[in-house]
Structures are given as C-alpha cells and as structure tokens.
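To start, the structure under review is shown below, and the notes come after it.
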Amino acid sequence: MSKTLPKDFLMGGATAAYQVEGATKEDGKGQVLWDDFLKKEGRFAPDPAADFYHRYDEDLALSEKYGVQVIRVSIAWSRIFPDGTGAVEPRGVAYYHKLFASCKQHGIEPFVTLHHFDTPERLHVAGDWLSQEMVDAFVAYAKFCFQEFTEVKYWITINEPTSMAVQQYTNGTFPPAESGRFDKTFQAEHNQMIAHARVVNAYKSMDLGGKIGIVHALQTVYPYSNSEGDRHAAALQDALENRLYLDGTLAGKYAPETLALVKEILDKNNQKMFKSTPEELDVIDKAAHQLDFVGVNNYFSKWLREYNGKSETVHNGTGAKGTSVARLHGVGEEKRPDNIETTDWDWSIYPRGMHDMLMRIHNDYPLVPEIYVTENGIGLKEELPGNVNKNTVLADPKRIDYLKKYLGAIADAIAEGANVKGYFIWSLQDQFSWTNGYSKRYGLFFVDFPTQKRYVKQSAIWFKKVSDTHVIP
Ligand code: BGP
C-alpha cells in the first residue's frame, strides 16, 4: 500500500544564494570567502550558477506549476552589506524585496536563511566564525533583515553550522582549507551556536509574528560492527557531527556525556577544549526555549569503525565512485557495509537513517515544536539529449526512486509521532555545488548552464503528484 503524508504537509524546493544566483559582481555585491578561493583552485566558477538573480521569476513560475509550495532561499549577506558591516547596498535590499514579492505572486512561501556558507570576505579574513567580530556583525545583519523584510514569515539563522566548520577546519574542503584542527572546528561551531541563539532571542523580542529556526546537517552514525571499539568510534563521530549542536540548539545545554566525547577527540589530538562563558550558555539556553523549528538536512548515513592511525581524508569531488576516504585520528574510520548502495559521489542511500534521525529528535529533544526536512535529494550525472525542445521531459528514475524511499521514511517517522511539517528537495533546480561544480545535478528542473534554459525532469511531475495528493506513489 502507498504511504501517505499529512494533509498540511508542505512540499518545497531548496536553494542557496551563492549556488543559484550567479551575478557575483553585480549591483555592488561584496566578495565572499569563496570568490578568491575558487579562482585559485581553478576548477569551476560561481558564475553563472543558475542565474537566479535574473531568472527567479521563471523558476518560481515552474515551482508553482509543479506543486512546490514553499521554497528555501538565502540572503547573500554581502549583497546587503558588501563589507559585512557598515553601509547598506540598496540594490541588494531591493533585489530581495522583488524576490519575495515574486514568491507571493506565485503563492509560494519563502523560508529565508541568513547565512548559507557565504561569509563576507572581510569578516572571513578577520577569523570567520572564530572571531567575535563575525558573531557581532551577524547579529547586526540579522536584526537589519528582520526590520527590513517584514514580508518574511519563516527565518533560518544558519545553514549547517557543523558542516561549515568541519569542512573549513577538519577536512579542508571549504576555505580556509585547514585539516585536523578539531579545536577550531568546535570553537567555530560553538560560536555559531551563540550567534544563532542571540539572533533567535533578538527576533523573539521584536515580536514580528513569524517563526525562526536553524538548519543542521544531520547524518545518523552507526557502528560498523557491534564491537566496543566500533560503537565508541560511532559515538565520537556522532559527537563531532551531530550531538554537540543538537544539544546546544535544541536542548539549550551541552550534556556532560557530549562534552566528554568532544574532550576525548581534542585530547587525543593534543588540542584544547573550546572556550565558553556562563553568559553564553544562558543565551543558548534561552534560545532553545524559544526556537520554533529545526531543519534537518539528511542525505546519507555513516558507519564508523575503530581507527587509531593518522587523519587522512580524500574528498570525492568529481563523481569517481569509490574514491573517498575518511579516517580521523581520535575519532574513527568511515567504512560502509558492502550491501549499502551509494551514489557516484560515495553518499550512501539509506532512508532508514533519515527515519532514525527524525525519531531521535522527537525522542531526545522534545523542546523543539516542529521539524522540517530542509534538504534531501540525490546528485546525479545528467546530460541533455540531442533534439530537445521546450516540452522535453528528462527521465530521472533514480531520483524518483530515491525520493520515494526517503519520503516513505519520513512518513514512517510521522506515523510514529515525529512532528515533521514539510520537506524541501535539494535542489529546486540544478545549481552550483561548492566542491563539485556543475556536474552534480540535484534539481527537479534541469538547467542547461551555457544557455540557462530550463527543462522539466520526470521527478518534477512525480513531485507534483505527491504535493497534490499527499500520497507517495
Ligand atoms: C548541503 C548544503 C547545500 C548543498 C548540499 C549538497 O550540505 O547545505 O548547500 O550543497 O549539501 O551538497 P553537495 O553540493 O556537496 O553535493
């Protein structure tokens, strides 16, 4: 029998400013941490992305047609404050008002993220999330947005604090590309939690009538075997990637067991524990009691086994299947059981992990009233066949199969009591990927990047059916 979703369950599409807008040098936009970094790497450029800066109305019209009821967009901080602080750029402000007006015209509710991996360059150089200046500047920018964009009813403070910090300081795939610095990773994460909490508390005191949440990258971590060593490695990896942030943002306090795991990772790497003050912990506690929702980004799960060697990571950024390596000293080694299917980018396809994460939030973090799945989807190598016309529909059966399984897992979690209110596919249209460029396509709508023409994929038709009927066919 087909699984069903609640009648008020929202079906949405997700984007992020730097990944869709393009136009990185237009209308006074300031530089961000990625601009020079990508240029130096020379693999791919953030322009044109999906040219959403000029084509948002076309994408919103497609969204309306294919049952997309809500959309995740982010504000590029550096379009509003090119330097991160200081003078406001009115053309940036005007752009977002136009975007939100277009959403309204198409009957689509925007969920607006304030920081999606795109720190303004000047603040990045000043230390990014490791610096107090960044935290203060973020709070000021957020307050400006709340006052300015009163048409927005759903705000997200920060997208994936953990993956930002882990990729900046543990794996070295995000600028400034440092590796093995767990101390910086945890400090940057703690600082993001303070920034998030201060923004939540400010928003609530402004009484604007909307809702505010945070989005986390959350992947369930399982032990590779039942051995004590493997179970402990899974617990350490979970502390690094999930538990500290779930505790900080959803419970309002770090559990002593969580802190012990974090300290163990740091001790084993001869690094110091992150600094926090009692005042900061009060701020975090207050915010957790006022948070309206948590966003869960879940694509894959992990399996960990005991590992005592040196840290070694290889990022599969090209879709060469089987090339990724993840072994962290003081944590463990990622090792999937053989029967687990993966994508070309080595991401496991494991819907049960989505279910287990939603149930964990439901059971262990009861303070948070609502859950949204704010990102989920599959990256595929897709090409435009010859002889296409504007009515061509592109076949993407693997995506439909993936969505069916993951939405099914969400339906199961809802049936077991998890208050999941909506789902945003990553991604609405094909877009630019931070470390994979343009060849990893996730969209409901195919973007031919050289011409910027859009083509509908079969998954969009399937998506509309789910959105209209709430039945997962
Ligand atoms: C999430 C990010 C998105 C997006 C997505 C897919 O972590 O929030 O911005 O990029 O992952 O990841 P990738 O582009 O690496 O395939």
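The values are calculated or read from the model by the stated rules, or taken from the named source; none is laboratory data. Note that the structure is predicted; figures quoted are calculated from it, not measured. Here the Cβ is made from the backbone with ideal geometry for all residues, glycine too, and neighbour counts use every protein chain on show. Only protein heavy atoms, including side chains, enter the accessible area calculation; ligands, DNA and RNA are left aside. Shrake-Rupley method; radii C 1.70, N 1.55, O 1.52, S 1.80 Å.
For LYS153, the aspartates and glutamates whose Cα falls under 14 Å of its own Cα, not counting residues fewer than eight places away in the same chain, are GLU109, ASP207, ASP292.
Extents of the stretch 44-200, taken as max minus min of Cα coordinates on every principal axis and listed largest first, are 47, 31, 25 Å.
The residues of the chain have, on average, 38 Å² of accessible surface per residue, using a 1.4 Å probe with all protein chains present. Loop-resident GluC sites (Glu not before Pro) (DSSP state other than H, G, I, E or B) in the stretch 125-163 with no more than 14 further Cβ atoms inside 10 Å of their Cβ: GLU151. Placing dummy labels 7 Å off each Cα toward the beta-carbon, the span from LYS211 to ASP136 is 3.4 nm. In straight-distance terms, cross-link reach from LYS263 covers every one of the lysines whose alpha-carbon lies under 30 Å from its own, apart from those fewer than eight places away in the same chain; here that gives LYS184, LYS253, LYS272, LYS275, LYS286, LYS302, LYS310, LYS335. Each label point was placed 7 Å from the Cα along the Cα-to-Cβ direction; for ILE461 and ASP36 their separation is 4.9 nm. This model, with +1 at the C-beta of Lys and Arg and -1 at the C-beta of Asp and Glu, gives the chain a dipole about its Cα centre of some 860 debye. Here the peptides 275-288, 184-197, 18-31 are ranked by packing, the mean other Cβ count within 10 Å, and the order with the highest first is 184-197, 18-31, 275-288. Separation of the stretch 27-51 from the stretch 88-111 is 22 Å, based on Cα centroids.
For the pair the stretch 134-203 and the stretch 297-311, the centres of their Cα atoms are 24 angstrom apart. Calculated over the chain, the projected area of the Cα convex hull averaged across directions stands at 20.9 nm². The loop-placed trypsin sites (Lys or Arg not before Pro) in the stretch 319-361, going by DSSP, that have at most 13 neighbouring Cβ atoms within 10 Å of their Cβ come out as LYS321. Within the same chain, aspartates and glutamates fewer than 8 places from LYS40 are excluded, and of the rest, those with a Cα less than 20 Å from its Cα are ASP118, GLU121, ASP128, GLU178. Estimated at 0.36 nm per residue, the fully extended path between HIS470 and GLU264 surpasses their Cα-Cα distance by 69.6 nm. Annotation: the antiparallel percentage among DSSP beta bridges lying fully within the stretch 379-473 is about 65. A Förster radius of 25 Å, combined with the Cβ-Cβ distance separating GLU178 from MET359, puts the computed FRET efficiency at roughly 0.10. If you take every residue apart from HIS232 with its C-beta less than 13 Å away from the C-beta of HIS232, what net charge results, scoring Lys and Arg +1 and Asp and Glu -1? So the surrounding residues net to -4. Residue-wise HN-Hα couplings along the stretch 458-473, as the Karplus relation 6.51 cos²θ - 1.76 cosθ + 1.60 with θ = phi - 60° gives them from phi, are 4, 4, 5, 5, 4, 4, 4, 4, 5, 5, 6, 10, 6, 10, 9, x Hz; Gly and Pro carry x. Secondary structure note: in the chain, about 30% of the DSSP beta bridges are antiparallel.
Estimated from helical segments only, the mean residue ellipticity of the chain at 222 nm is -12000 deg cm²/dmol, where each DSSP H run of four or more residues counts as -39500 (n - 2.57). If you take the square roots of the eigenvalues of the alpha-carbon gyration tensor of the stretch 303-460 and sort them as a ≥ b ≥ c, do you get rounded (a/c under 1.5), prolate (a/b over b/c) or oblate? In terms of gyration-tensor shape, oblate. For the stretch 281-359, applying the loop criterion from DSSP together with a ceiling of 11 other beta carbons within 10 Å to the GluC sites (Glu not before Pro) yields GLU341.
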